[in-house]
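Engineer: I am attaching a structure below and will ask some questions about it afterwards.
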Amino acid sequence: MRRPRLRRCVLMWGFALWVGSVSSAGEWPFSRPADRRNARTLFVDAAADELLNDIGTTEVEPPAPLPPPPSQIGKEVRIEGPGALEEDDEDDADDDDAQKTSGSGLVFSYAPGSGDHFGLFGFDFRSVPPTDLPQASTLTMNTGWGITWLNGPNSTDLPPQLFHVTIDIGGIAKINDEWAIDLAITPAWYTDWVNRRPEAFRLGGRGAWYYRFDDSVQLAAGFVYLNRDDIPALPIAGVVLGNEENGRRYELVFPRPKMAWRISETETADHWFYVNGELGGGSWAIKRTDRTPDVVTYRDYRLMSGFEFRRKKGRRGAIEAGWLFSRAIESRTGRGDFHPSDSFITRIWIDY
């Protein structure tokens with residue numbers, strides 16, 4: 001009986017020693033240690049610690065500059081600061097050169113008249129022809145319109161004013177350094193705005209060939225289709241001598257010859273004196289006072305002279321005076337055909 005009691009005492013004493021040693025170490029065999037956490041929890045905590053460390057030590061880079069707007073693509077620009085763009089000056093020079101080739105202008109013309117002495121006052125908005133052939137092929141569409149107020153004659157019942165609207169669609173194609181072709185069609189509407197019948201519509205056009213020997217000699221040949229009742233078409237033929245650089249230019253080309261001389265030159269503009277000849281008039285669809293539809297044609301020949309200024313940036317303008325002769329007013333019905341006397345005309349034009 002003593003041996004079981006002794007064995008029990010020894011076991012209890014050993015168990016007490018073991019419990020004491022475990023409790024002093026802070027660990028229990030049946031409890032979950034503090035560092036035995038779920039693996040997912042350990043991964044999330046490690047990623048969060050790494051992200052916090054990166055935010056604390058990494059410098060934030062500034063955003064990249066925005067690209068230029070579409071209107072600036074293809075141009076040379078200089079960036080001097082946030083959002084500051086400066087275009088290259090060569091673009092402005094190109095614009096100035098483009099303005100030297102052609103433009104739009106306002107033309108005011110006046111020929112006195114009263115009673116049976118036929119006079120007129122006209123206002124035109126139209127394209128201004130270039131002073132020389134362009135250096136490259138071009139394709140253009142120019143519009144024009146105008147009003148002509150009539151003064152007399154009392155012997156026929158013409159409307160008080162005539163209107164025209166034109167569209168010039170064409171261009172110059174450079175074949176090589178010597179040859180160039182100028183082609184265009186010109187639909188137009190000539191009317192008194194009372195007669196709107198199909199005869200008010202007129203389709204014109206032109207075709208011309210140019211040959212350049214050098215900078216001072218050019219040949220021209222072709223035709224212009226006017227689609228007028230009196231003169232349907234005219235040939236184009238002649239030679240152009242000189243250029244603006246040497247201060248003289250002789251456009252000996254039918255049907256509009258012109259001779260010009262430079263009389264002065266400044267840093268901003270050139271001043272020229274010129275004489276030229278041209279054909280005036282046109283054909284308009286009208287209605288008579290009794291509402292009868294008709295087509296009337298006015299024709300004159302003009303000998304003009306004037307002074308022209310040409311700014312270095314391309315702006316041009318002129319004041320001129322001339323003589324009207326061989327004048328005629330004719331109609332399809334033959335009603336009120338008339339030959340006005342010769343007259344004096346003044347004209348002012350400026351382009352922009």
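The values are calculated or read from the model by the stated rules, or taken from the named source; none is laboratory data. Model, not experiment: these values are computed from the prediction. Positions of Cβ are backbone-derived with ideal geometry, glycine not excepted, and every protein chain shown enters the neighbour counts.
Engineer: For region 279-307, which positions are among the acidic types (Asp, Glu) and at pLDDT below 95?
Structural biologist: Asp290
Engineer: While we're looking at this one, here's another question. When only residues in region 213-262 that are in contact with a strand residue (DSSP E or B) (Cβ under 7 Å, 6 or more places away or on another chain), among the charged types (D, E, K, R) and more than 26 Å from Ala318 (Cβ to Cβ) count, which is surrounded by the fewest Cβ atoms within 10 Å (Cβ to Cβ)?
Structural biologist: Restricting to residues being in contact with a strand residue (DSSP E or B) (Cβ under 7 Å, 6 or more places away or on another chain), among the charged types (D, E, K, R) and more than 26 Å from Ala318 (Cβ to Cβ), the top hit is Asp230.
Engineer: Which is exposed (fewer than 14 other Cβ atoms within 10 Å of the Cβ), assigned to a strand (DSSP E or B), touching a strand residue (DSSP E or B) at 6+ places or on another chain (Cβ under 9 Å) and of a type in the set (Gly, Ala, Ser), of Ser341, Ser305?
Structural biologist: Only one candidate passes the filter, namely Ser305.
Engineer: With (1) on the phi > 0 side of the Ramachandran plot; (2) outside any loop (DSSP other than H, G, I, E, B) as the list, and Arg212 as the residue in question, which single condition is left unmet?
Structural biologist: Looking at each condition in turn, Arg212 falls short on (1).
Engineer: Given (1) within 29 Å of Tyr110 (Cα to Cα); (2) of a type in the set (Val, Ile, Thr); (3) modelled with pLDDT of 90 or more, identify the lone condition not met by Ile175.
Structural biologist: Status for Ile175: all satisfied but (1).
Engineer: Given the criterion free of Cβ contacts under 8 Å to residues at least 24 places away in the same chain and in contact with a Pro (Cβ under 6 Å, 6 or more places away or on another chain), identify the matching residue among Phe201, Phe223.
Structural biologist: Result of the check over Phe201, Phe223: Phe223.
Engineer: I need the full set of residues from region 172-211 which are buried (at least 18 other Cβ atoms within 10 Å of the Cβ), more than 21 Å from Pro232 (Cα to Cα) and among the β-branched types (Val, Ile, Thr), in order please.
Structural biologist: Residue satisfying the conditions is Ile172 alone.
Engineer: Can you tell me which residues in region 121-139 are closer than 20 Å to Ile350 by Cα and either surrounded by 18 or more Cβ atoms within 10 Å (Cβ to Cβ) or modelled with pLDDT under 90 (or both)?
Structural biologist: If the condition is that a residue be closer than 20 Å to Ile350 by Cα and either surrounded by 18 or more Cβ atoms within 10 Å (Cβ to Cβ) or modelled with pLDDT under 90 (or both), then Gly122, Asp124, Arg126, Ser127, Val128, Pro129, Pro130, Thr131, Asp132 are the ones that fit.
Engineer: Collect the residues in region 264-307 that are among the β-branched types (Val, Ile, Thr), over 30 Å from Trp193 (Cα atoms) and touching a residue at least 24 places away in the same chain (Cβ under 8 Å), keeping them in residue-number order.
Structural biologist: Result: Thr268, Val275.
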